[in-house]
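In what follows, a structure is listed as structure tokens, so that the remarks can point back to it.
The values are calculated or read from the model by the stated rules, or taken from the named source; none is laboratory data. Source: prediction; values computed, not measured. FYI the Cβ positions are ideal-geometry reconstructions off the backbone, even for glycines, and counts take in every protein chain you see. Ligands, DNA and RNA are stripped out before the accessible areas are found, and what is left, the full protein with its side chains, is counted by its heavy atoms. Shrake-Rupley method; radii C 1.70, N 1.55, O 1.52, S 1.80 Å.
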Amino acid sequence: MTGLVVLVVIIVLALLAPVLAPQRMLDVTQLLDSPRYAPPSAEHPFGTDHQGREIWVRMLWGARVSLVVGFAATAMSMIIGTIIGIAAGHFSGWVGGLLMRIVDFFLVLPSLILAIVLAAVLARGVTTIVIAIGLTSWAGTARVVRSQTLSIESRDYVQRARVLGAGHWHIIVKHLLPAVLPLVLANTTLTVGSAIISESTLSFLGLGDTTKQSWGTILKNSMDVSAATSGYWWYVLIPGLAILLVVMAFTLVGRAVESIVNPTLRSR
């Protein structure tokens, strides 16, 4: 519940960013009189950056991009992983074997390195980051879904449907998909946090959209001006703590959903 409350607060603040912090507050041409590197105070709650912009304003707008990338990349990853996982578990023979070799290939490759390559090759932008993260993070989901599919395939009601003449599509849609969706949902909440970390990493490495505010971009800007060694601690600490808080909240919610889906975990 604590994680859920934190997520709801952050999502509401991100949605209200245009109201709480209009876009003009990020326009450096209108901030000529704003102090640079002002520490946190009553006038500047989170301090200011190297261009005089309020850190809290950048954090609000950055939350929108980070959350959108996290949810979109996770949705893409879950869809790919669920489809391939069910297909690999349902179809036997060379089809299932080929799909599992593809899954093993993506599991062996370092997902972050592959995401960096994709983000560097494709045009920079939020969509590119979503594609890069989504295409490199589905293999774990596919493996889990395949294991669950194999377990469901051996149950009596699925065998009965097959004997009565049910086709592949009927078995997948009516029996397999509803049975694996709770597991996918639990895995989704855990994956969003990883996607947000990946987005922050790519933006920190300069592979994100520099025209958009994100928490990773704020960290990159702080590194560019050596904020950590120059005493501007708020420039580094605040976005870092925000990423930590959101990832922890998603992890808490994901573990709770996982314990609901799998009651055997409650006693651990």
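Angle, helix 126-136 long axis vs. longest principal axis of the chain, Cα atoms, 0 to 90°, nearest 10? Roughly 40 degrees between the two axes.
For the chain, with a Gaussian network of springs between Cα atoms less than 10 Å apart, report the residue from Thr29, Thr136, Thr149 with the top mean-square fluctuation. With Cα springs under 10 Å in the chain, the top fluctuation among Thr29, Thr136, Thr149 is at Thr29.
The mean accessible area for residues of the stretch 62-133, using a 1.4 Å probe and ignoring ligands and nucleic acids, is 48 Å² per residue.
When the chain is treated as a GNM with alpha-carbon contacts under 10 Å, the residue of Arg36, Arg146, Arg24 showing the greatest mean-square fluctuation is Arg24.
Quick one: with all protein chains in place, what share of the accessible area of the chain is carbon or sulfur, to the nearest percent (1.4 Å probe)? Summing carbon and sulfur atoms, their accessible area is 69 percent of the total for the chain.
Relative to the longest principal axis of the C-alpha atoms of the chain, give the angle of the C-alpha long axis of helix 215-224, reported between 0 and 90° and rounded to the nearest 10°. The angle comes out near 50 degrees. Note that the stretch 188-268 presents 49 Å² accessible area per residue, ligands and nucleic acids not counted, probe 1.4 Å. When the chain is treated as a Gaussian network with alpha carbon springs shorter than 10 Å, the biggest mean-square fluctuation among Gly93, Gly70, Gly216 belongs to Gly93.
Highest-first packing order for the peptide set 163-169, 206-212, 181-187 is 181-187, 206-212, 163-169, based on the mean count of other beta carbon atoms within 10 Å.
Debye-formula intensities of the chain, expressed as log10 I(q)/I(0) at q = 0.08, 0.10, 0.11 Å⁻¹, are -0.41, -0.60, -0.70 (one equal scatterer per alpha-carbon, no solvent).
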